[in-house]
Each structure stands twice: as C-alpha cells, then as structure tokens.
1. Collect the residues in region 201-239 that are closer than 19 Å to His402 by Cβ and touching a Gly at 6+ places or on another chain (Cβ under 9 Å), keeping them in residue-number order.
2. May I ask you to verify whether Thr303 is touching a residue at least 60 places away in the same chain (Cβ under 8 Å), under 26 Å from the mean Cα position of the chain (by Cα), more than 23 Å from Pro530 (Cβ to Cβ) and outside the structural domain of Pro665 (by TED's automatic domain parsing)?
3. Sort out for me the strands (runs of 3 or more DSSP E) sitting completely within region 604-710 that have 3 or more residues that are at pLDDT 95 or above, in contact with a Gly (Cβ under 7 Å, 6 or more places away or on another chain) and among the hydroxyl-bearing types (Ser, Thr, Tyr).
4. Are any residues in region 189-229 part of a loop (DSSP other than H, G, I, E, B) and among the polar types (S, T, N, Q), and if so, which ones?
5. Condition check: of a type in the set (A, V, I, L, M, F, W, C), over 30 Å from Val547 (Cβ atoms) and either part of a strand (DSSP E or B) or in contact with a Pro (Cβ under 9 Å, 6 or more places away or on another chain) (or both). Does Ile494 satisfy that?
6. In region 453-474, which residue that is closer than 20 Å to Glu432 by Cβ and of a type in the set (A, V, I, L, M) is surrounded by the fewest Cβ atoms within 10 Å (Cβ to Cβ)?
7. Which condition does Arg575 not pass, out of (1) crowded, with 22+ Cβ neighbours inside 10 Å; (2) of a type outside the set (Val, Ile, Thr); (3) modelled with pLDDT of 95 or more; (4) farther than 22 Å from Ala380 by Cα, if it passes all the others?
8. Just one of Val421, Val460, Val488 is in contact with a helix residue (DSSP H, G or I) (Cβ under 9 Å, 6 or more places away or on another chain), at pLDDT below 95 and among the hydrophobic types (A, V, I, L, M, F, W, C); which is it?
Amino acid sequence: MNESERIGLMGRAEERRARQRGGHRAAPKSRRSSTGEKKGGIRRLFTWKKILGTFFGLCLLGMGAFVILYMVIDIPEGNADATLQSNVYKYSDGTVLARDGDRNREIVDLDKVPKEVQHAFVAAENKTFYKDAGVDIKGTARGLLNTVSGKGAQGGSTITQQYVKNYYLTQDQTVTRKLKELVISLKLDQEKSKDYILAGYMNTSYYGRGAYGIQAAAQAYYRVDAEDLDVEQGAYLAALLQAPNQYDWAIATETGKKLAEARWNYVLDKMVEQDWLDEGERRAMEFRVPKEPKDDPGMAGQTGYLVNAANAALEKQLVAAGGAEDLKQATAMVEAGGWTLTLNIEKKKQAELERSVKAQLTSKLDAKKRDVDADVQAGAVSVNPKNGAVVAMYGGADYFKHYVNNATRDDYQPASTFKPVILAAAVDQAAETQDGVPITANTLYDGTSKRQAVDHGTKVGFAPENEDDVDYGDIPVQTAMNKSVNSVFAQMGIDVGMASVVDAAGKLGMDTDGMEAVPAQTLGSMGASPLEMAGVYATLDNHGRKVTPAVVKSVEHNSRAVEFPDPVGEQVISREAADTVTSVLTGVVDDGTARTSVRDNPLRDGQQVAGKTGTSDNNKSAWFTGYTPDLVTSVGLFGEDAKTHSQVPMYEAGGFDRVNGGGFPAQIWAAYTFGVMDEVSRFDLETKQGAAVAPTTTAPPTTESSAPPTEEETTTAPPTREETTTSAPPTEEETTTPPPTDEETTTSPPTGETSTSASPTGDEDDDEDDPFFQDGER
C-alpha cells in the first residue's frame, strides 16, 4: 500500500467516526464545554439501570416488610361479641332516658340459610368471593392511600375483609388497622373454608332495626326464620348491608326506597350473571316489601324518635370529623355500642310538649267519626335560641305507630312561615321596590288578589290568590304580614330578587340544595321540617347570629372522643334586619292570624311573642312557628294517608272546615310555651320599624288610625289608602302612646305593579270566617 492509499484509508476511517458522532469531527479535549460535562454527570447519576434497581429494591423491601408482618400478625381471638355494649341515652340533667338493651343476635349455621340467599349476599358484596384469596389488593391499596392522604373514602373490601373488620378488629380508620385487616384476611382465607367465612360475615353484620346477623334480620323484616327466607327476601336483606337505615322501608324517604329497590334489582341481576339464578325466574320476581318493625317497649312513645335523632346526629358528626369513612361505617360504630349520649332534651319541657299536643290536638281527633282524623300527623321542635339546644321534640303519636319522625321530616311545604325570610332578605340588603322605594314595614304594596307580579313592567306569569280571594288594595308590609297576603310577598320576592331570597334562606338555616329561585317559592312551596324552621326563627330571635339546632349535648365513649361544633355561629344577617322581622312578627300575634290562639290566651300573662302562621296548598300542612326571647318552637301538622302514607288534605279534620296555622298548631304552641314559661320577658330590639316599635311622635291619635279594624271591617271591604298608611295597630305596651303621623309611617305609593315567577301554589292560609276562627291568614 502506497502513501496515498494509506492516507485515503485513514480519511475514510475518520469520516466513519465523524458520522457516528453526529456528523462532526471530535473537538479537542481542551475545548469541551462545561455544559457537556454536566449533562454527562446527570446521565451517569440517573441511568435506567439505577432507576430500575431502585424500584426493584423498594419492591423487595416492601415484600420483605410484608413477609415480616405476615409472620408477626396472627389471627386473633374474635372480640366483637365480647366488646359489644348497650348505648345509654340521657336527658340534659343526666337522668337516663333510654338504654338500647342487649344485642339482638342469634348465630345460625350456614346450612340453615338457603343456598340462593347465600348467593344473594355474595352477589351483593363480592361476586369473586369463592375464587379470590380473601383480599382485594387494589381496593386495599386505594384505602391505604386515602387514609394516609386524609381523604377517607375506601371501597372494594371483600367479604373476608369485612368479616375480619367486624369480628376481629374495629371500625377505626387507621393504616395499622387496614394492614392488619389485609394480613388476617389472607391467613383466614388459607386456614378457614369459604363457608366458615361467609357464615361469620352474615352472622356479624348489622341490618338495621337493632338486628345483628341473618337470623335476627329475617325476623325483624319478614317475621320468618333465616331458613325460611326466599330469594326475593334474601336479596333485600343483602341490599340492606350497604345502608341499613337508609334502605329500611319503614323509615326510608321516597329517595331511600328507590335506592333500596335499585340495590335489590342489582343483587338479583348479579346472581343471574353468575348463573346462580335463572333469568326467567328473575324476570318474574317482584320486590317483597318488608313488614313493619316489632314493638320494643323501651323505644315506645317519643323515646324512639329521640334516640334515633341522637344517633343520626352522632353518625353525621363522626363522618364530618373524620372518625368514620361514611355513614355506613358511622352507623356500625354507633350500633357497636359503648356510647353515652347526653341529649339537650329537658324533661319538663318534653313532658309539657307531649301534654300540649294531646290536649290541643289528639284528644280532639276521632277517626271513628271522621276518616280524615286518622290522617293528621303532628311534629314539633323547641329550641333555646341562645345556645341552639333542642329542648323538646315531638315526633308523632308513637314511635311504633308512626316510624317517620314528623319533627325532622322535610317533605311538606312550610307555606307562609317562609314569608319572614323574604322580609329579612329585603331589610338586610336595603332592597327597594321597582319604583326605588326602600322596603320597610311601612312600605305600601298592592294587596289585590290574583294580581300579576311584574318585573320592571313585565308580567312574570305569577298571580297568586289571597286567602278566600280577598282584595286588600294598597296596604303596608306590616299589615300584609299580619294578614299573610300572598300577592304582596310574591311581588316583594321579585323586588328583592329571588336569588337573594334563596341565599338569605340558606344563611338563616334552610337547606337550599335544589331550591329554585322562582317566585312560587315566596309562598313556601319548598319542603322543610319543623327542626329546620325552628332553626331559621331561632336565628332571627338571636339577632341574626346563626343557630343550628342541636339534639346532642355531649358524647362519651370508652375508646374515642367526639366533639360537636358550637350550635351558635357567626352573624349571617344584620341585627337590624333580624330585629325588624321580629318586630313585625309581633303584629301577627297581636293583630293578625294568631291573635285568637296566642294573643288572647289566658296563660300569656303579658308575655311578648313573635310568630307566623302558615297553611299550604290544598290544606296538606298547617304551621305555627313562634318565639319569645328565650324559646323558639315550630309546630307542624301534616296530612298523611294512614294506609298509603301519601300526602292528603286535612279538610274537616277535628270537625272544622279547614286546618289552619292559627288553629291547632298555634294552640299547641301557646299551651306548651306559656306552660313552661318561668317569667315574662321582652324582646331587646334594635330597629326603627314594625309592630313592636313604640311611636316616636306626640301627634294626637285619630279615630281611624288608633284602633285596629273590627272583624267585620276586615272581611267586608278592603282597607282604603287612608286606613292603611297609618301605623300598624299598637301593641299592649303602645296603647298609651299616640301613633306616628302619615309622613312617618308611610312611603310613597306602591309600584302598582310590583312581584314574580312560576305557577302559583295557591297558599291557603287561615280563614277569619272559619268556625274555628283562624283570624284570616292570607
């Protein structure tokens, strides 16, 4: 090879090396950048080999730790039955109200449970039960991660894991408990048969109604032994385990019943998928409604309502405080026993409330004379507005005769008891009419019945009828509240803005989820409970500071502590707004729809009272929610068919044409409130308007304005402009002081066209011509 060939070969070799380096010749070492050196260092530090090595190292470390746990943790002795205790419920003074008694459980062998019923439970909770190793790795890992991160929502436990948690461990939500659950479940699956585990699971689970185990559940819901259950019944009991109280047909809401039936269908469909049930037989199956609960003397009367209300409050707080993952687990924790719950219920007030309902209502109903009398249900809640304590509650005639607590049910309309919320929103926001006139107790509105509500000159398609279609003409807000004039508050709601009204309702304590901001809501067409309305009025009574009624005073347990939030919260509306509403509501008592039952009650003894009556569309509900400075009580009467439990009218109940808020509800309220009253008290109000405000002028009274109109005057013709622009009728304290002048008591005339919304509900309120003399609630 000559020199030129050798040089050519060297050149080609250099070119190949350059291509391998990206097409460039190598730079001299002295010219390599510091950046290049850094990148090379990072590559050397994070190589795929090192990353994979670290990953596998961690996996081996985790496996090693798990092996150690597996070797260290043994299957413990079963402790569930040994540690179950009764719960004790006490009055506020510490005396015992109730004790829930011994556990209702009877262990049965699995061969006593029909095979198809066994399959129903497996289909409902863990369809791979017969094939898996006793654990759900993904579900457990998710639960561990959620526990560590504080999210607290775990799912995917197998039947084996649930049995281990029920029988060997606790319901505590900790990483340690979940790891123990995993290890014990694996070992139990290796050492015990699937039938053993399934039997243990079915015998230790809680089914509601105080029933533990499949045998007790079969008796509680279908009055048969476990061995006599059919597949339809078994599917319902299996469905119950997801939410025992929510799916219990006797106390479930309409939504709860739909969910229970959907779960029942789910169980049967899964059985078909697993070839445990013939598809043709499945299609022919119908839901088997369970029987009513058996009597438990310890929970009879009002006791069952109070105990259930206390349990519900505890369960809710366990979830809110992170002590339970969900309500299902919270229920299991409460039912496991060991709790001492002291309620805010005061023995004297509770007994007086029960006596008042009997004396003023139930003793006057006779289902033998009038079928409708069997359809009248009463509910009441009494709250201390200063601390939020629920001091008395009436849930129904008897816990074992009517399982739904009428004090907490929210499926009936509160009707005109909602009108103070509209006024509160108006005053709190310094709202004006559409003519720019501030809305106060003296603002004039057109009280014509069926008057079209308008929004800045545009009719909104809402023209509510006043009670008995009475036309009032131009009247001040005070008179409209006294007479519960629907057309006035329909227009006021539009003037304030329905979104603002709904917002105010939420601030005051109403559940506004799903509440539409439409004018029909001004007549109280949403659902509400006596407990809810008592909270709203307690917030008004407490000068605008939020009051959330509290059934439970304190809770004790031998292994955990539960703290309840303060029932009295922050200022949600201004004091002036709350006090103005209170002032106006004294007029309802002294010169409005509650005057006969409350104002003239011989037990009143000069006590100052504020309140509002309400009667819903078609007389399906009637209310009186009233208060003194120290006590707020909401009484509701509900028309409920005694057989179908559907809502029905109460016309002619008790022998009267109509059940109105100023009748039975107000009479119950007065008998109770004045019966427990220790001393006469007065409202401390910071307001410049309303029936309770003493006039500030010295002008001599006129004949037309110094006295309230007579009954005849209020029913024969609407008031004139002159009659309605003077101040509201004076209270007892005001009778010696001259009324204010027209200038002080009136604003400019109403807009003539001033309110809004959807189809009317036809709020039917108290009728002054009723033989029961309800003072004409409008």
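The values are calculated or read from the model by the stated rules, or taken from the named source; none is laboratory data. Bear in mind that the values here come from a model prediction, so they are computed numbers and not experimental data. Please note: Cβ atoms are built from the backbone with ideal geometry, for glycine as well, and neighbour counts cover all protein chains shown.
1. So in region 201-239, the residues closer than 19 Å to His402 by Cβ come out as 208-210, 220-221.
If the condition is that a residue be closer than 19 Å to His402 by Cβ and touching a Gly at 6+ places or on another chain (Cβ under 9 Å), then Gly210, Ala220, Tyr221 are the ones that fit.
2. On the way: touching a residue at least 60 places away in the same chain (Cβ under 8 Å): yes; under 26 Å from the mean Cα position of the chain (by Cα): yes; more than 23 Å from Pro530 (Cβ to Cβ): no; outside the structural domain of Pro665 (by TED's automatic domain parsing): yes.
Taking the combined requirement at face value, the residue does not satisfy it.
3. Working: elements: 610-615, 621-627, 632-639.
Counting at least 3 such residues, we get 621-627.
4. Within region 189-229, the subset part of a loop (DSSP other than H, G, I, E, B) is 192-193, 205, 207-210, 213, 223-225, 229.
Result: Ser193, Ser205.
5. Values: of a type in the set (A, V, I, L, M, F, W, C): yes; over 30 Å from Val547 (Cβ atoms): no; either part of a strand (DSSP E or B) or in contact with a Pro (Cβ under 9 Å, 6 or more places away or on another chain) (or both): yes.
Here the answer is no, as Ile494 does not meet what is asked.
6. By that ranking, first place goes to Val460.
7. Only one criterion is unmet by Arg575, namely (1).
8. Being in contact with a helix residue (DSSP H, G or I) (Cβ under 9 Å, 6 or more places away or on another chain), at pLDDT below 95 and among the hydrophobic types (A, V, I, L, M, F, W, C) holds for just one of Val421, Val460, Val488, which is Val460.
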